[in-house]
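Engineer: Below: one structure in structure tokens.
Every read-out reported here was derived from the displayed coordinates using simple, explicitly stated rules and does not represent laboratory data. From a predicted model like this one, the values you see are computed outputs, not experimental measurements. Here the Cβ positions follow ideal geometry from the backbone for every residue, glycine too, while neighbour counts run over all protein chains shown.
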Amino acid sequence: MRRQHDSAFRAKVALETIRGEKTIAQLSGEFGVHPNQIRQRRDRALEALPGVFSNGASRSEKERDALFQSSFWKFWRRALVIPFLSII
């Protein structure tokens, strides 16, 4: 049966790997996780790390604007345009 690790455990493994105090083989034995999984978690953490320090507010505002526009236009089309065209 496969073990399911929670995100806190995965973060702990990735952090230990990034620290570099122990080898991946040592961490594998300590945490009971395959070395490939340790490498993958380290790589994922390093890829996501710049996003932690970026200006997330502007990105979320853009996403909200895009969501609003798409949902607004979907509503507009369903509520007004399609019924109007079916009348004509």
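Engineer: Given an 8 Å cut-off on Cα distances and at least 6 residues of separation, report the relative contact order of region 1-54 as a percent.
Structural biologist: Reported as a whole number, the value is 34 percent.
Engineer: Let me ask you something else. Based on the Cα coordinates of region 1-54, what is the per residue volume of their convex hull in Å³? Before the final figure, lay out the partial values.
Structural biologist: Working: hull volume 4.2 nm³, N = 54.
Looking at region 1-54, the number lands at 78 Å³ per residue.
Engineer: With charges only on Cβ, +1 for K and R and -1 for D and E, what is the dipole size of region 1-54 about its Cα centre, in debye, rounded to 20?
Structural biologist: On the way: 10 positive and 6 negative charges, 30 e Å.
That gives region 1-54 a dipole magnitude of about 140 debye.
Engineer: If you don't mind, there's one more thing I want to ask. Taking 35 Å as R0, compute the FRET efficiency from the Cβ-Cβ separation of residue 4 and residue 70 and round it to 0.05. Provide the component values of the computation, followed by the final result.
Structural biologist: Working: r = 35 Å, r/R0 = 0.99.
After rounding to 0.05, the efficiency reads 0.50.
Engineer: Here's a follow-up. Test of understanding: what is the full-extension gain from residue 47 to residue 23, defined as 0.36 nm times their sequence separation minus their Cα-Cα distance? Don't skip to the answer; put the middle values down first.
Structural biologist: Details: separation 24, 0.36 × 24 = 8.64 nm, distance 2.03 nm.
Between residue 47 and residue 23, full extension yields an extra 6.6 nm.
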